[in-house]
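All remarks here apply to the structure that follows.
The values are calculated or read from the model by the stated rules, or taken from the named source; none is laboratory data. Because the structure is a prediction, the values reported are computed rather than measured. Positions of Cβ are backbone-derived with ideal geometry, glycine not excepted, and every protein chain shown enters the neighbour counts.
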Amino acid sequence: MTQTLLDALSLLGSFDHRLLDIVALSLRVSLTALVIGALLGLPLGAGLAVAGFRGRGALIVALNALMGLPSVVVGVLVYLALSRSGPLGSYGLLFSPAAMIVAQSVLVVPLIAAVTRQIVEDAWRDYAPELSLIGISRLQAVALLLADCRFSLSVAMLAGLGRAMSEVGAVMIVGGNIDGYTRVMTTAIALETSKGDLALSIALGLVLMALILGLNIAVHFIRGWALRRYG
Amino acid sequence: MFPLRIAALRFAPEGRVVLDELDLVLPGEGISVILGPNGTGKTVLLRLLAGLLPAHGGSIVWGDAPQPAGRLAMVFQQPMLLRMSVFANVEFALRPQAMNSAERRARTTEVLERVGLAYRARDSARLLSGGERQRLALARAWAMRPRLLLLDEPTASLDPSATEAVERIIREIRTEGAKVLMTTHNLGQATRLADDIVFLAEGRVQEHEPAQRFFAHPQSPAARAFMQGELPWRIAFDH
C-alpha cells in the first residue's frame, strides 16, 4: 500500500505525460460542459424563478428530480442520440470528446438550473414589489437577479463542476475510454484499477480531489473578498 | 390623478379583516401622514394603492380614472438595494422610462447630489449605512419624478441625524410637486412633516384632519388614546 502511494506520488512528481494528457482532457471536457451548463441553466433557472404559469410547480419538481438523473441513463440516451442510426448520428460525434461534453452538459444543466431557480426565487420574493413598481419587465428582472445573486450562484457552478468532473458512467458509454483520445480521469481510474495499476489510479484520484478542493477553496476566498467588497 | 378617492375599501385575506369599509379622499398636494397602531393596515393601504395587493372590495379612483395617470413610486421600510454601485441602483430604475443613456446619467447624478450621496456614487450600495440606504431609496424614487410618492415608515430605526436628512429630502420632493403619502410611528416626525393626518384604527379611517387641528384636538377616542400613549391602547379605544 505504501509502495503504491509512493509510486503514485512519483508519477505526479515526474509530470508523467500520460497522466497530464488525461488531466488536461478531463478539464477541457468538464469546463466546456460547465460553460454550456451555465449558459443554459442560469437563464432557465432564473426564468423559472420569476415566471408565473400553469404547471410551473410540476416543472420545478421535474427539474429537481433531474438533479438525481443517473449518469449511466444519460450515457445510454446520449449514445442512442449520437449513434449512427440516431437523430444526431450524421454528426459522427460518438466516441469523441464532443460526445462526452454533450453527456456531461445534459447532467449539469438541470443541476445548475435547479439551484439557480431556488436562489433567484428567494431574491425575487424580496425584490418583486419594488421592481414591478419601477416597471422592470420579467425578462429584465432575470438579468438583474442573475447579476445580483452572482456570488450565491457560484455554489451552483461549483456543484455543476463537481458533477461533471466526478462523472464516470456517461462518459464511459459515449466516449469509449479510448487511450489518448477520450480517456479522462474518472474512466482511467476505473480502468487502471481493474487492471491492477493502482499507482496511476491513486495519482489520478489525488489530482481529481486536489482540483475539486482547490477550485472550492479559490471560490470560497473570491466569494469572501467579493462580499466584503460589494456587500 | 387627484383627488384620490377610496371608497369602502376592504382587504381580508383568508377571512382575516385588515381593512374594512375604508373611505378616504386625498388631495393632490402636500404630505399626508397615516398614523395608527401596529397591525391596523397602514402598510397594506399603501400596498393596495401601489397595486401590489388586490383589494377584496371597494374602489380606488384616481381623479376620474380607475388607474393612476401619473407615475407612482414607493419607498419601503427595508428598501431593495441591488448588489451594484450607488449610481447603478438609481440609474437602472430609469431604464423603463423614455430616456436615453445620457439623460439617465444626468438625472441620476442630479438626484444623488440632492440627497448628498454623489460622493459615494461608485461605492457598493450594500455597504451604505442605514440612513444612506434610505436616502438612496428616496433618490431612486425621486429620480422617477413620481406624481405620488408612497413612503412606508421611511425613518424607522434611523438615528436623529439620519432622520433629519430623510425628512429634508421628503420636503424637497413635496416642494417639486409630488404628493407624499407616508406612514410613521414617530409623532414628532408627523408634526414636522404632515399637512394632514389620516388616523387609522380597526381597519378604518377614524379621523382625517389638517395636522395642526389633529394634534391640537384629536376627535376620536382611538386617536386621543393613541396620542396619550395609553397602553394597551386598545383598552382605551374599546371604552
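Things worth noting here:
- Residue count, the range B:110-148 (criterion: of a type in the set (A, V, I, L, M), outside any helix (DSSP H, G or I) and more than 14 Å from B:ALA165 (Cβ to Cβ)): 3
- Among (1) outside any helix (DSSP H, G or I); (2) touching a residue at least 40 places away in the same chain (Cβ under 8 Å), the one test that A:GLY160 misses: (1)
- Residue pairs meeting the criteria (Cβ under 7 Å; at least 6 apart or on separate chains; first within 14 Å of another protein chain (Cβ to nearest Cβ), in the range B:53-82; second among the hydroxyl-bearing types (Ser, Thr, Tyr) and not in a strand (DSSP E or B)): B:MET80/A:TYR127
Quick grid of which residues meet (1) over 30 Å from A:GLY92 (Cα atoms); (2) of a type in the set (S, T, N, Q); (3) surrounded by fewer than 14 Cβ atoms within 10 Å (Cβ to Cβ); (4) at pLDDT 90 or above:
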position	(1), (2), (3), (4)
A:LEU158	yes, no, no, yes
A:GLY176	no, no, no, yes
A:SER194	no, yes, yes, yes
A:LEU198	yes, no, no, no
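- Unmet criterion (only one of (1) within 26 Å of B:PRO160 (Cα to Cα); (2) away from every other protein chain (no Cβ under 14 Å); (3) surrounded by fewer than 19 Cβ atoms within 10 Å (Cβ to Cβ); (4) in contact (Cβ under 8 Å) with a residue 60 or more places away in the chain) for B:ASP20: (1)
- In the range A:120-135, residue farthest from B:MET144 (Cα to Cα) [restricted to those that are at the interface with chain B (Cβ under 7 Å from one of its Cβ atoms) and crowded, with 17+ Cβ neighbours inside 10 Å]: A:TYR127
- Conditions (1) within 14 Å of chain A (Cβ to nearest Cβ); (2) surrounded by 19 or more Cβ atoms within 10 Å (Cβ to Cβ); (3) in a helix (DSSP H, G or I): number failed by B:LEU151: (3)
- Restricting the range B:34-47 to residues that are of a type outside the set (Val, Ile, Thr) and within 14 Å of another protein chain (Cβ to nearest Cβ) leaves a set whose member that is surrounded by the most Cβ atoms within 10 Å (Cβ to Cβ) is B:LEU46.
- Of all residues in the range B:119-135 being within 24 Å of the chain's Cα centre (by Cα) and surrounded by fewer than 23 Cβ atoms within 10 Å (Cβ to Cβ), the one that is nearest to the other protein chains (Cβ to nearest Cβ): B:ARG126
- Total residues in the range A:10-36, condition under 20 Å from A:VAL109 (Cα atoms), out of contact with any helix residue (DSSP H, G or I) (no Cβ under 6 Å at 6 or more places or on another chain), hydrophobic (A, V, I, L, M, F, W, C) and touching a residue at least 12 places away in the same chain (Cβ under 8 Å): 2
- Considering (1) at pLDDT below 95; (2) within 14 Å of chain A (Cβ to nearest Cβ), the lone condition that B:ALA50 does not fulfil carries the number (1).
- The set of residues from the range A:1-40 being closer than 30 Å to A:ARG117 by Cα and either in contact with a Leu (Cβ under 8 Å, 6 or more places away or on another chain) or not β-branched (Val, Ile, Thr) (or both) comprises A:SER26, A:LEU27, A:ARG28, A:SER30, A:LEU31, A:ALA33, A:LEU34, A:GLY37, A:ALA38, A:LEU39, A:LEU40.
- Here A:ALA190, A:ALA199, A:ALA170 are screened, and the one residue that is of a type outside the set (Phe, Trp, Tyr), within 18 Å of A:MET100 (Cβ to Cβ) and either touching a Leu at 6+ places or on another chain (Cβ under 8 Å) or within 14 Å of chain B (Cβ to nearest Cβ) (or both) is A:ALA170.
- Residues located in the range B:73-98, provided they are crowded, with 20+ Cβ neighbours inside 10 Å and farther than 17 Å from A:LEU144 by Cα: B:ALA73, B:MET74, B:VAL75, B:PHE76
- The range A:200-231: number of residues that are exposed (fewer than 13 other Cβ atoms within 10 Å of the Cβ) and closer than 30 Å to A:GLY92 by Cα: 0
- Lone qualifier among A:ARG150, A:ARG138, A:ARG117, A:ARG163 - being surrounded by fewer than 23 Cβ atoms within 10 Å (Cβ to Cβ), in contact with a helix residue (DSSP H, G or I) (Cβ under 7 Å, 6 or more places away or on another chain) and under 19 Å from A:VAL35 (Cα atoms): A:ARG163
- Residue check, A:SER96 modelled with pLDDT under 95 and of a type outside the set (A, V, I, L, M, F, W, C): no
- Pairing residues of the range B:88-112 that are within 12 Å of chain A (Cβ to nearest Cβ) with residues that are assigned to a helix (DSSP H, G or I) and of a type in the set (Asp, Glu), at Cβ distances under 9 Å and at least 6 apart in sequence or on separate chains, gives B:ALA93/A:GLU130; B:LEU94/B:GLU103; B:GLN97/B:GLU103.
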